[in-house]
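A.B. asks: Before we start, here is the structure in question, set down as C-alpha coordinates.
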Amino acid sequence: MEVCSQLPVLPLDRPVPQHVLRRRGAISLGTSSALFGGPSPRQLCKRRGGVSYNSADQAVLYLHLLGDVKQRGPGPSEPVRGAPHSHVKVDYQRFHCHQGPVRPGARGLKSHHRRLSFQRGLKSRHLLQRPSGPQHLLDQVYNCQVQCMLDKVDSWDFDIFMFDRATNGNGLVTLTFHLFLQLGLTRLFRLDPIKLRSFLVMVQADYHQRNPYHNSLHATDVTQAMYCFLRQPKLATTLSSCDMLLALVAAVTHDLDHPGVNQGFLVRTGHHLAALYKNSSVLESHHWRCAVSLLRESGLLDHLPITDRLNLEERLGSLILATDISQQNRYLARFREHLDREDLSMADPSHRHLVLQITMKCADICNPCRVWRLCSQWSSRVTAEFFHQGDVEKKHGMAVSPLCDRLSDSTAHIQAGFIRHVVEPLFREWCRFSCTSLSHHMLAHLQTNLDRWTDPSQHPETPP
Ligand SMILES: Nc1ncnc2c1ncn2[C@@H]1O[C@@H]2COP(=O)(O)O[C@H]2[C@H]1O
(Lines give C-alpha, C1' and ligand atoms only; values in the text may rest on other atoms or scores of the structure.)
Protein backbone atom coordinates (compact mmCIF):
# COMPACT_ATOMS: atom_id res chain seq x y z
CA MET A 1 0.00 0.00 0.00
CA GLU A 2 1.42 3.33 -1.04
CA VAL A 3 1.90 5.92 1.65
CA CYS A 4 0.95 9.57 1.16
CA SER A 5 4.17 11.47 1.68
CA GLN A 6 2.78 14.97 2.03
CA LEU A 7 0.53 14.35 5.00
CA PRO A 8 0.83 17.09 7.56
CA VAL A 9 2.30 15.84 10.80
CA LEU A 10 0.44 16.64 14.00
CA PRO A 11 2.33 18.85 16.44
CA LEU A 12 4.14 16.68 18.94
CA ASP A 13 3.61 18.31 22.29
CA ARG A 14 0.45 20.29 21.75
CA PRO A 15 -3.09 18.94 21.90
CA VAL A 16 -4.54 18.07 18.53
CA PRO A 17 -6.70 20.99 17.36
CA GLN A 18 -10.40 20.22 16.92
CA HIS A 19 -10.43 20.92 13.20
CA VAL A 20 -7.59 18.44 12.68
CA LEU A 21 -9.45 15.88 14.73
CA ARG A 22 -12.54 16.40 12.63
CA ARG A 23 -10.79 16.04 9.32
CA ARG A 24 -8.08 13.56 10.17
CA GLY A 25 -9.25 11.86 13.30
CA ALA A 26 -6.94 10.91 16.08
CA ILE A 27 -6.37 7.78 18.07
CA SER A 28 -5.36 7.81 21.69
CA LEU A 29 -2.06 6.43 22.79
CA GLY A 30 -3.85 3.37 24.18
CA THR A 31 -4.06 2.05 20.66
CA SER A 32 -0.36 2.14 20.17
CA SER A 33 0.20 -0.31 23.00
CA ALA A 34 -1.86 -2.83 21.08
CA LEU A 35 0.24 -2.10 18.04
CA PHE A 36 3.61 -2.47 19.69
CA GLY A 37 2.55 -5.14 22.16
CA GLY A 38 5.01 -3.61 24.63
CA PRO A 39 4.45 -0.82 27.11
CA SER A 40 1.07 -0.21 28.67
CA PRO A 41 -0.99 2.83 27.69
CA ARG A 42 0.00 4.41 31.01
CA GLN A 43 3.67 4.00 30.24
CA LEU A 44 3.23 5.35 26.76
CA CYS A 45 1.24 8.29 28.00
CA LYS A 46 4.24 9.35 30.04
CA ARG A 47 6.10 9.82 26.83
CA ARG A 48 5.12 12.68 24.65
CA GLY A 49 3.84 11.92 21.22
CA GLY A 50 0.70 10.77 19.54
CA VAL A 51 -0.94 8.60 17.01
CA SER A 52 -2.84 10.09 14.13
CA TYR A 53 -4.43 8.91 10.98
CA ASN A 54 -5.72 10.57 7.88
CA SER A 55 -9.43 9.99 7.40
CA ALA A 56 -8.77 9.92 3.68
CA ASP A 57 -6.12 7.24 3.91
CA GLN A 58 -7.37 4.09 5.53
CA ALA A 59 -4.13 2.22 5.24
CA VAL A 60 -1.73 4.14 7.40
CA LEU A 61 -1.32 5.08 11.05
CA TYR A 62 1.15 7.84 11.89
CA LEU A 63 3.01 7.59 15.17
CA HIS A 64 4.80 10.64 16.49
CA LEU A 65 7.16 9.73 19.28
CA LEU A 66 9.43 11.84 21.45
CA GLY A 67 12.31 10.32 23.25
CA ASP A 68 14.05 6.98 23.20
CA VAL A 69 11.44 4.39 22.31
CA LYS A 70 11.59 0.66 21.88
CA GLN A 71 9.44 -0.27 18.95
CA ARG A 72 8.29 -3.64 17.75
CA GLY A 73 6.71 -3.31 14.34
CA PRO A 74 3.97 -5.49 12.89
CA GLY A 75 6.49 -7.64 11.02
CA PRO A 76 9.23 -9.78 12.60
CA SER A 77 9.48 -8.24 16.01
CA GLU A 78 13.06 -7.11 16.08
CA PRO A 79 13.26 -4.23 18.57
CA VAL A 80 14.14 -0.93 16.93
CA ARG A 81 15.38 2.12 18.75
CA GLY A 82 13.46 5.14 17.67
CA ALA A 83 15.39 8.33 17.32
CA PRO A 84 14.34 11.22 19.52
CA HIS A 85 11.46 13.06 17.86
CA SER A 86 10.90 10.13 15.55
CA HIS A 87 7.91 10.01 13.26
CA VAL A 88 6.92 6.45 12.40
CA LYS A 89 4.58 5.44 9.62
CA VAL A 90 2.76 2.16 10.17
CA ASP A 91 1.13 0.22 7.41
CA TYR A 92 -2.39 -0.12 8.78
CA GLN A 93 -3.39 -2.97 6.51
CA ARG A 94 -0.39 -5.03 7.52
CA PHE A 95 -1.20 -4.20 11.12
CA HIS A 96 -4.59 -5.80 10.74
CA CYS A 97 -3.51 -8.73 8.61
CA HIS A 98 -0.64 -9.60 10.92
CA GLN A 99 -1.83 -11.54 13.90
CA GLY A 100 1.37 -11.01 15.95
CA PRO A 101 0.91 -8.78 18.95
CA VAL A 102 -2.70 -8.01 18.13
CA ARG A 103 -5.46 -10.52 18.78
CA PRO A 104 -8.96 -9.94 17.41
CA GLY A 105 -11.15 -9.09 20.35
CA ALA A 106 -8.18 -8.06 22.47
CA ARG A 107 -8.76 -4.91 24.47
CA GLY A 108 -6.49 -2.78 22.35
CA LEU A 109 -8.19 -3.74 19.17
CA LYS A 110 -11.66 -3.21 20.59
CA SER A 111 -10.81 0.28 21.64
CA HIS A 112 -9.29 0.80 18.25
CA HIS A 113 -12.58 -0.10 16.59
CA ARG A 114 -14.47 2.27 18.81
CA ARG A 115 -12.43 5.16 17.65
CA LEU A 116 -12.70 4.42 13.96
CA SER A 117 -15.36 5.96 11.78
CA PHE A 118 -18.16 3.69 10.56
CA GLN A 119 -16.50 3.53 7.18
CA ARG A 120 -13.04 2.69 8.46
CA GLY A 121 -14.42 0.33 11.09
CA LEU A 122 -16.13 -1.70 8.41
CA LYS A 123 -13.03 -1.90 6.34
CA SER A 124 -10.87 -3.04 9.23
CA ARG A 125 -13.44 -5.64 10.30
CA HIS A 126 -13.41 -6.96 6.78
CA LEU A 127 -9.64 -7.27 6.86
CA LEU A 128 -9.78 -9.23 10.09
CA GLN A 129 -12.20 -11.85 8.91
CA ARG A 130 -10.92 -15.35 8.42
CA PRO A 131 -11.34 -16.55 4.84
CA SER A 132 -13.54 -19.54 5.72
CA GLY A 133 -16.04 -17.97 8.18
CA PRO A 134 -19.71 -17.59 7.36
CA GLN A 135 -19.42 -13.81 7.66
CA HIS A 136 -16.83 -13.91 4.95
CA LEU A 137 -19.32 -15.70 2.72
CA LEU A 138 -21.84 -12.97 3.45
CA ASP A 139 -19.28 -10.38 2.40
CA GLN A 140 -18.80 -12.22 -0.85
CA VAL A 141 -22.53 -12.10 -1.44
CA TYR A 142 -22.55 -8.34 -0.83
CA ASN A 143 -19.51 -7.77 -3.04
CA CYS A 144 -21.15 -9.71 -5.85
CA GLN A 145 -24.36 -7.77 -5.38
CA VAL A 146 -22.48 -4.45 -5.55
CA GLN A 147 -20.67 -5.58 -8.68
CA CYS A 148 -23.92 -6.72 -10.31
CA MET A 149 -25.52 -3.38 -9.49
CA LEU A 150 -22.56 -1.43 -10.86
CA ASP A 151 -22.90 -3.33 -14.13
CA LYS A 152 -26.28 -1.60 -14.49
CA VAL A 153 -25.23 1.82 -13.24
CA ASP A 154 -26.43 3.43 -16.48
CA SER A 155 -30.02 2.30 -15.87
CA TRP A 156 -32.53 5.04 -14.98
CA ASP A 157 -34.22 2.61 -12.58
CA PHE A 158 -30.97 2.02 -10.66
CA ASP A 159 -31.98 1.49 -7.02
CA ILE A 160 -29.67 3.85 -5.15
CA PHE A 161 -31.20 2.93 -1.78
CA MET A 162 -30.43 -0.73 -2.24
CA PHE A 163 -26.97 0.15 -3.54
CA ASP A 164 -26.27 2.16 -0.42
CA ARG A 165 -27.29 -0.78 1.77
CA ALA A 166 -25.18 -3.18 -0.28
CA THR A 167 -22.15 -0.93 0.14
CA ASN A 168 -22.80 -0.42 3.85
CA GLY A 169 -23.35 3.29 3.43
CA ASN A 170 -20.35 3.79 1.16
CA GLY A 171 -22.34 4.26 -2.00
CA LEU A 172 -20.83 7.63 -2.85
CA VAL A 173 -17.23 6.40 -2.81
CA THR A 174 -17.95 3.10 -4.54
CA LEU A 175 -20.18 4.46 -7.27
CA THR A 176 -18.15 7.57 -8.11
CA PHE A 177 -14.84 5.71 -8.16
CA HIS A 178 -16.42 3.23 -10.57
CA LEU A 179 -17.74 6.02 -12.80
CA PHE A 180 -14.33 7.68 -13.02
CA LEU A 181 -12.98 4.38 -14.32
CA GLN A 182 -15.96 3.83 -16.63
CA LEU A 183 -15.51 7.23 -18.27
CA GLY A 184 -11.75 6.71 -18.55
CA LEU A 185 -11.12 9.84 -16.47
CA THR A 186 -8.63 8.18 -14.13
CA ARG A 187 -6.46 7.22 -17.10
CA LEU A 188 -6.98 10.35 -19.18
CA PHE A 189 -6.12 12.76 -16.37
CA ARG A 190 -3.52 10.44 -14.86
CA LEU A 191 -5.35 10.54 -11.55
CA ASP A 192 -3.72 8.73 -8.65
CA PRO A 193 -6.37 6.14 -7.61
CA ILE A 194 -5.36 6.51 -3.96
CA LYS A 195 -5.81 10.28 -4.08
CA LEU A 196 -9.09 9.85 -5.91
CA ARG A 197 -10.33 7.48 -3.25
CA SER A 198 -9.09 9.80 -0.51
CA PHE A 199 -10.95 12.67 -2.11
CA LEU A 200 -14.17 10.67 -2.34
CA VAL A 201 -13.90 9.41 1.23
CA MET A 202 -13.57 13.02 2.42
CA VAL A 203 -16.49 14.11 0.25
CA GLN A 204 -18.68 11.35 1.63
CA ALA A 205 -17.68 12.23 5.18
CA ASP A 206 -18.48 15.90 4.70
CA TYR A 207 -22.13 15.21 3.94
CA HIS A 208 -24.34 15.20 7.02
CA GLN A 209 -25.81 11.74 7.37
CA ARG A 210 -28.37 13.04 9.83
CA ASN A 211 -30.06 15.12 7.15
CA PRO A 212 -32.99 13.11 5.84
CA TYR A 213 -32.49 14.45 2.31
CA HIS A 214 -29.30 16.49 1.85
CA ASN A 215 -26.87 13.69 2.65
CA SER A 216 -24.35 11.62 0.72
CA LEU A 217 -27.11 9.40 -0.67
CA HIS A 218 -28.62 12.38 -2.48
CA ALA A 219 -25.17 13.29 -3.86
CA THR A 220 -24.74 9.68 -5.04
CA ASP A 221 -28.15 9.73 -6.68
CA VAL A 222 -27.34 13.00 -8.47
CA THR A 223 -24.00 11.55 -9.62
CA GLN A 224 -25.70 8.46 -11.00
CA ALA A 225 -28.23 10.66 -12.83
CA MET A 226 -25.39 12.80 -14.17
CA TYR A 227 -23.72 9.68 -15.55
CA CYS A 228 -26.96 8.69 -17.31
CA PHE A 229 -27.15 12.17 -18.87
CA LEU A 230 -23.49 12.18 -19.91
CA ARG A 231 -24.15 8.99 -21.86
CA GLN A 232 -26.88 10.63 -23.92
CA PRO A 233 -25.68 11.01 -27.53
CA LYS A 234 -26.00 14.82 -27.53
CA LEU A 235 -23.50 15.00 -24.65
CA ALA A 236 -21.41 11.86 -25.12
CA THR A 237 -20.37 12.89 -28.61
CA THR A 238 -19.68 16.56 -27.93
CA LEU A 239 -18.39 17.05 -24.40
CA SER A 240 -14.66 17.17 -23.78
CA SER A 241 -13.09 14.88 -21.19
CA CYS A 242 -12.56 17.99 -19.06
CA ASP A 243 -16.33 18.69 -19.22
CA MET A 244 -17.00 15.11 -18.11
CA LEU A 245 -14.56 15.36 -15.21
CA LEU A 246 -16.14 18.62 -14.09
CA ALA A 247 -19.64 17.23 -14.38
CA LEU A 248 -18.88 14.26 -12.14
CA VAL A 249 -16.99 16.32 -9.56
CA ALA A 250 -19.79 18.91 -9.51
CA ALA A 251 -22.46 16.24 -9.09
CA VAL A 252 -20.73 14.49 -6.22
CA THR A 253 -19.81 17.70 -4.34
CA HIS A 254 -22.74 19.98 -5.18
CA ASP A 255 -24.36 19.88 -1.68
CA LEU A 256 -21.25 19.40 0.47
CA ASP A 257 -21.68 20.19 4.16
CA HIS A 258 -25.36 21.04 3.67
CA PRO A 259 -26.77 21.94 7.11
CA GLY A 260 -30.29 20.59 6.39
CA VAL A 261 -31.92 24.02 6.43
CA ASN A 262 -32.41 26.45 3.57
CA GLN A 263 -30.86 29.83 2.80
CA GLY A 264 -33.82 31.74 4.22
CA PHE A 265 -33.23 30.10 7.58
CA LEU A 266 -29.51 30.97 7.53
CA VAL A 267 -30.28 34.61 6.63
CA ARG A 268 -32.96 35.01 9.29
CA THR A 269 -30.81 33.48 12.00
CA GLY A 270 -27.81 35.65 11.07
CA HIS A 271 -25.66 32.65 10.26
CA HIS A 272 -22.03 33.56 9.48
CA LEU A 273 -22.26 31.92 6.05
CA ALA A 274 -25.11 34.26 5.12
CA ALA A 275 -22.93 37.24 6.03
CA LEU A 276 -19.91 35.77 4.25
CA TYR A 277 -21.80 35.29 0.99
CA LYS A 278 -23.92 38.44 1.35
CA ASN A 279 -27.22 36.54 1.50
CA SER A 280 -26.86 35.40 -2.09
CA SER A 281 -26.52 31.73 -3.15
CA VAL A 282 -25.23 31.18 0.37
CA LEU A 283 -25.43 27.40 0.46
CA GLU A 284 -24.24 26.86 -3.09
CA SER A 285 -21.23 29.14 -2.54
CA HIS A 286 -20.40 27.16 0.57
CA HIS A 287 -20.73 23.81 -1.22
CA TRP A 288 -18.39 25.08 -3.91
CA ARG A 289 -15.74 26.34 -1.49
CA CYS A 290 -15.91 23.03 0.42
CA ALA A 291 -15.42 21.15 -2.84
CA VAL A 292 -12.39 23.26 -3.72
CA SER A 293 -10.90 22.76 -0.29
CA LEU A 294 -11.27 18.96 -0.51
CA LEU A 295 -9.83 18.91 -4.02
CA ARG A 296 -6.81 20.82 -2.77
CA GLU A 297 -6.49 18.79 0.42
CA SER A 298 -6.56 15.50 -1.45
CA GLY A 299 -4.00 16.74 -3.99
CA LEU A 300 -6.05 14.97 -6.66
CA LEU A 301 -5.26 17.54 -9.36
CA ASP A 302 -1.86 18.68 -8.07
CA HIS A 303 -0.08 17.29 -11.12
CA LEU A 304 -2.04 19.55 -13.47
CA PRO A 305 -0.73 23.05 -14.36
CA ILE A 306 -1.96 25.66 -11.88
CA THR A 307 -3.86 27.61 -14.54
CA ASP A 308 -5.82 24.48 -15.48
CA ARG A 309 -6.59 23.80 -11.84
CA LEU A 310 -7.82 27.33 -11.21
CA ASN A 311 -9.91 27.20 -14.35
CA LEU A 312 -11.45 23.88 -13.25
CA GLU A 313 -12.24 25.33 -9.84
CA GLU A 314 -13.95 28.37 -11.39
CA ARG A 315 -16.05 26.24 -13.71
CA LEU A 316 -16.89 23.91 -10.84
CA GLY A 317 -18.26 26.93 -8.97
CA SER A 318 -20.33 27.96 -11.91
CA LEU A 319 -21.89 24.47 -12.14
CA ILE A 320 -22.62 24.24 -8.43
CA LEU A 321 -24.06 27.77 -8.30
CA ALA A 322 -26.44 26.77 -11.10
CA THR A 323 -28.18 24.43 -8.63
CA ASP A 324 -29.54 27.45 -6.71
CA ILE A 325 -33.23 26.73 -7.25
CA SER A 326 -34.15 30.40 -6.79
CA GLN A 327 -32.21 31.13 -10.00
CA GLN A 328 -33.91 28.45 -12.06
CA ASN A 329 -35.90 30.86 -14.26
CA ARG A 330 -32.78 32.78 -15.25
CA TYR A 331 -30.96 29.63 -16.48
CA LEU A 332 -34.07 28.20 -18.06
CA ALA A 333 -34.81 31.42 -19.98
CA ARG A 334 -31.31 31.45 -21.50
CA PHE A 335 -31.56 27.77 -22.42
CA ARG A 336 -35.04 28.23 -23.90
CA GLU A 337 -33.91 31.18 -26.01
CA HIS A 338 -31.16 29.09 -27.58
CA LEU A 339 -33.56 26.23 -28.23
CA ASP A 340 -36.10 28.60 -29.79
CA ARG A 341 -33.43 30.14 -32.02
CA GLU A 342 -31.91 26.72 -32.68
CA ASP A 343 -28.47 28.24 -32.31
CA LEU A 344 -27.03 26.04 -29.56
CA SER A 345 -23.62 24.99 -30.79
CA MET A 346 -21.84 22.29 -28.82
CA ALA A 347 -18.62 23.35 -30.52
CA ASP A 348 -18.83 26.63 -28.62
CA PRO A 349 -17.34 26.17 -25.10
CA SER A 350 -19.69 28.75 -23.56
CA HIS A 351 -22.73 26.96 -25.00
CA ARG A 352 -21.37 23.63 -23.79
CA HIS A 353 -20.97 25.14 -20.35
CA LEU A 354 -24.59 26.36 -20.32
CA VAL A 355 -25.68 22.85 -21.31
CA LEU A 356 -23.60 21.45 -18.46
CA GLN A 357 -25.28 23.85 -16.04
CA ILE A 358 -28.69 22.69 -17.21
CA THR A 359 -27.56 19.07 -16.98
CA MET A 360 -26.44 19.70 -13.42
CA LYS A 361 -29.82 21.23 -12.58
CA CYS A 362 -31.65 18.28 -14.12
CA ALA A 363 -29.53 15.79 -12.16
CA ASP A 364 -30.15 17.74 -8.94
CA ILE A 365 -33.95 17.74 -9.11
CA CYS A 366 -34.60 14.58 -11.11
CA ASN A 367 -36.00 12.58 -8.17
CA PRO A 368 -39.65 13.17 -9.21
CA CYS A 369 -38.72 11.71 -12.63
CA ARG A 370 -37.69 8.39 -11.10
CA VAL A 371 -39.93 5.36 -10.91
CA TRP A 372 -42.54 5.70 -8.12
CA ARG A 373 -40.74 3.21 -5.85
CA LEU A 374 -37.71 5.57 -5.72
CA CYS A 375 -39.49 8.90 -6.20
CA SER A 376 -41.76 8.36 -3.20
CA GLN A 377 -38.79 7.69 -0.91
CA TRP A 378 -37.11 10.94 -1.98
CA SER A 379 -40.36 12.80 -1.41
CA SER A 380 -40.63 11.49 2.15
CA ARG A 381 -37.04 12.46 2.83
CA VAL A 382 -37.27 15.99 1.46
CA THR A 383 -40.52 16.60 3.32
CA ALA A 384 -39.02 15.29 6.54
CA GLU A 385 -36.20 17.82 6.18
CA PHE A 386 -38.58 20.70 5.41
CA PHE A 387 -40.81 19.82 8.38
CA HIS A 388 -37.85 19.51 10.68
CA GLN A 389 -36.82 23.06 9.76
CA GLY A 390 -40.40 24.17 10.44
CA ASP A 391 -40.31 22.51 13.87
CA VAL A 392 -37.10 24.36 14.73
CA GLU A 393 -38.59 27.65 13.54
CA LYS A 394 -41.69 27.12 15.68
CA LYS A 395 -39.56 26.22 18.67
CA HIS A 396 -37.70 29.52 18.38
CA GLY A 397 -40.78 31.62 17.75
CA MET A 398 -39.81 32.32 14.14
CA ALA A 399 -42.22 32.51 11.23
CA VAL A 400 -42.45 29.07 9.63
CA SER A 401 -40.94 28.94 6.12
CA PRO A 402 -43.11 27.98 3.15
CA LEU A 403 -43.57 24.19 2.79
CA CYS A 404 -42.15 23.62 6.26
CA ASP A 405 -45.29 23.43 8.39
CA ARG A 406 -46.26 19.85 9.09
CA LEU A 407 -49.70 21.01 10.26
CA SER A 408 -50.73 22.76 7.06
CA ASP A 409 -48.50 21.27 4.34
CA SER A 410 -48.52 17.71 3.06
CA THR A 411 -46.05 15.62 1.07
CA ALA A 412 -48.53 15.17 -1.78
CA HIS A 413 -49.28 18.89 -1.97
CA ILE A 414 -45.58 19.83 -1.93
CA GLN A 415 -44.76 17.24 -4.58
CA ALA A 416 -47.54 18.29 -6.92
CA GLY A 417 -46.45 21.93 -6.72
CA PHE A 418 -42.77 21.10 -7.16
CA ILE A 419 -43.44 18.90 -10.18
CA ARG A 420 -45.77 21.39 -11.88
CA HIS A 421 -43.83 24.59 -11.27
CA VAL A 422 -40.19 23.50 -11.10
CA VAL A 423 -39.45 20.05 -12.47
CA GLU A 424 -41.73 19.80 -15.46
CA PRO A 425 -40.73 23.14 -17.07
CA LEU A 426 -37.07 22.16 -16.80
CA PHE A 427 -37.46 18.63 -18.15
CA ARG A 428 -39.70 19.77 -21.03
CA GLU A 429 -36.83 21.96 -22.26
CA TRP A 430 -34.35 19.19 -21.63
CA CYS A 431 -36.45 16.89 -23.77
CA ARG A 432 -36.39 19.46 -26.57
CA PHE A 433 -32.61 19.52 -26.36
CA SER A 434 -32.04 15.78 -25.93
CA CYS A 435 -35.00 14.01 -27.43
CA THR A 436 -34.10 10.47 -26.45
CA SER A 437 -35.88 7.48 -24.99
CA LEU A 438 -34.46 8.40 -21.57
CA SER A 439 -36.01 11.88 -21.75
CA HIS A 440 -39.40 10.42 -22.69
CA HIS A 441 -39.05 7.80 -19.97
CA MET A 442 -38.39 10.54 -17.38
CA LEU A 443 -41.35 12.64 -18.52
CA ALA A 444 -43.57 9.56 -18.41
CA HIS A 445 -42.51 8.84 -14.82
CA LEU A 446 -43.07 12.49 -13.95
CA GLN A 447 -46.64 12.36 -15.21
CA THR A 448 -47.38 9.04 -13.47
CA ASN A 449 -45.97 10.37 -10.21
CA LEU A 450 -47.92 13.64 -10.52
CA ASP A 451 -51.11 11.64 -11.12
CA ARG A 452 -50.47 9.64 -7.97
CA TRP A 453 -49.73 12.72 -5.87
CA THR A 454 -52.87 14.45 -7.06
CA ASP A 455 -55.18 11.46 -6.74
CA PRO A 456 -57.23 12.26 -3.61
CA SER A 457 -58.09 8.61 -3.11
CA GLN A 458 -54.40 7.84 -2.60
CA HIS A 459 -53.60 10.94 -0.57
CA PRO A 460 -56.70 11.89 1.40
CA GLU A 461 -54.75 14.47 3.37
CA THR A 462 -53.95 16.53 0.22
CA PRO A 463 -55.47 20.02 0.46
CA PRO A 464 -57.89 20.67 -2.46
N1 LIG B 1 -39.00 15.98 -4.38
C2 LIG B 1 -38.86 17.26 -4.01
N3 LIG B 1 -39.92 17.93 -3.51
C4 LIG B 1 -39.83 19.23 -3.14
N5 LIG B 1 -38.69 19.94 -3.26
C6 LIG B 1 -37.62 19.32 -3.75
C7 LIG B 1 -37.64 17.96 -4.14
N8 LIG B 1 -36.41 17.62 -4.59
C9 LIG B 1 -35.65 18.72 -4.48
N10 LIG B 1 -36.36 19.74 -3.98
C11 LIG B 1 -35.92 21.12 -3.72
O12 LIG B 1 -35.13 21.50 -4.82
C13 LIG B 1 -33.99 22.10 -4.29
C14 LIG B 1 -32.78 22.03 -5.16
O15 LIG B 1 -31.74 22.70 -4.46
P16 LIG B 1 -31.40 22.25 -2.98
O17 LIG B 1 -30.74 20.93 -3.02
O18 LIG B 1 -30.71 23.34 -2.27
O19 LIG B 1 -32.81 22.06 -2.26
C20 LIG B 1 -33.73 21.34 -3.00
C21 LIG B 1 -35.10 21.20 -2.45
O22 LIG B 1 -35.46 22.39 -1.78
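The values are calculated or read from the model by the stated rules, or taken from the named source; none is laboratory data. The shown structure was predicted, so the numbers you read here are calculated from the model rather than taken from an experiment. Glycine also receives a Cβ, built like all others from the backbone with ideal geometry; neighbour counts cover every protein chain displayed. Please note that ligands, DNA and RNA were not included when accessible areas were found on the heavy atoms of the full protein model with its side chains. Shrake-Rupley method; radii C 1.70, N 1.55, O 1.52, S 1.80 Å.
A.B. asks: With a 1.4 Å probe and every protein chain left in place, work out the accessible area per residue of region 178-331 in Å², rounded to a whole number. It would help to have the intermediate numbers written out before the result.
C.D. replies: Working: 5990 Å² over 154 residues.
I get 39 Å² per residue for region 178-331.
A.B. asks: Can you work out ³J(HN,Hα) from phi for every residue in region 440-448, in order, using Karplus 6.51 cos²θ - 1.76 cosθ + 1.60 and θ = phi - 60°, giving whole Hz and x for Gly and Pro?
C.D. replies: 5, 4, 5, 5, 5, 4, 4, 5, 4
A.B. asks: A follow-up question, please. Compute the Rg to Rh ratio over region 366-464 from the alpha carbon atoms, using the Kirkwood formula for Rh, and round to two decimal places. List each step's numbers first, then the result.
C.D. replies: Working: Rg = 15.0 Å, Rh = 14.4 Å.
Value, to two decimals: 1.04.
A.B. asks: How large is ³J(HN,Hα) for each residue in region 231-241, as worked out from phi by the Karplus curve 6.51 cos²θ - 1.76 cosθ + 1.60 (θ = phi - 60°), to whole Hz, x for Gly and Pro?
C.D. replies: Each residue of region 231-241 in turn: 7, 5, x, 4, 8, 4, 8, 10, 6, 7, 5 Hz.
A.B. asks: Using the beta-carbon distance between Thr436 and Leu276 and R0 = 45 Å, what value does 1/(1 + (r/R0)^6) give for FRET efficiency, to the nearest 0.05? Each step should come with its number before you reach the end.
C.D. replies: Details: r = 41 Å, r/R0 = 0.91.
About 0.65, to the nearest 0.05.
A.B. asks: Tell me the volume per residue, in Å³, of the convex hull enclosing the alpha carbons of region 258-327. If you can, show how the numbers build up before the last one.
C.D. replies: Values: hull volume 6.4 nm³, N = 70.
It comes to 92 Å³ per residue, whole-number rounded.
A.B. asks: Taking 25 Å as the cut-off for C-alpha to C-alpha distance, list the pairs among Lys195/Lys361; Lys195/Lys234; Lys278/Lys361; Lys152/Lys234 that go past it. Could you put the intermediate results ahead of the total?
C.D. replies: Numbers: Lys195/Lys361 28 Å; Lys195/Lys234 31 Å; Lys278/Lys361 23 Å; Lys152/Lys234 21 Å.
The pairs that break the limit, which is 25 Å between Cα atoms, are Lys195/Lys361; Lys195/Lys234.
A.B. asks: With no solvent and one point on each alpha carbon, what is the Debye value of log10 I(q)/I(0) for region 143-364 at q = 0.08, 0.09, 0.14 Å⁻¹?
C.D. replies: One equal scatterer on each Cα of region 143-364 leads to -0.28, -0.36, -0.89.
A.B. asks: Given a Förster distance of 35 angstrom, what is the FRET efficiency for Arg231 paired with His396, based on the Cβ-Cβ distance and rounded to 0.05?
C.D. replies: Numbers: r = 46 Å, r/R0 = 1.32.
Calculated value: 0.15.
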